[in-house]
Amino acid sequence: MGEQRWIPVGERLPDLYLSVLVFSDFRPAGGSRMKVDCRSSHGFDEERITHWMPLPEPPDVPPTTEPKT
């Protein structure tokens, strides 16, 4: 698993087209927000991003089976 800490955008940016968790700071007027976003060649969809972090690995879940009828 990769690095699991908030990374300031001034330190480095994620690879292009990689989904990451981003933190946007709208304070003092609007608070803050976290969401999954993806950086393209035009930047992020979200505005005012100050930090990002890699998404965690998905849980190890066994395949589901259809209920018996």
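The values are calculated or read from the model by the stated rules, or taken from the named source; none is laboratory data. Everything quoted here is computed from the prediction, not taken from an experiment. Heavy atoms of the whole protein, side chains included, go into the accessibility calculation; ligands, DNA and RNA do not. Shrake-Rupley method; radii C 1.70, N 1.55, O 1.52, S 1.80 Å.
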Could you give me the ³J(HN,Hα) list for the range 27-36, computed from phi with Karplus coefficients 6.51, -1.76, 1.60 and θ = phi - 60°, whole Hz, x at Gly and Pro?
5, x, 6, x, x, 9, 8, 10, 7, 7
When only C-alpha pairs under 8 Å and at least 6 residues apart count, what is the relative contact order of the chain, in percent?
38 percent
Once you've got the GNM for the chain with C-alpha springs shorter than 10 Å, pick whichever of Pro56, Pro28, Pro14 has the biggest mean-square fluctuation.
Pro28
Labelled set [x] 19, 49, 24, 7, 1; [y] 16, 47, 31, 7; [z] 18, 42, 20, 12, 7, 1; P(r) over Cα pairs in 10 Å bins from 0, in percent computed from this model equals the value at [z]
Sequence of His42, His51 from largest to smallest accessible area, 1.4 Å probe:
His42, His51
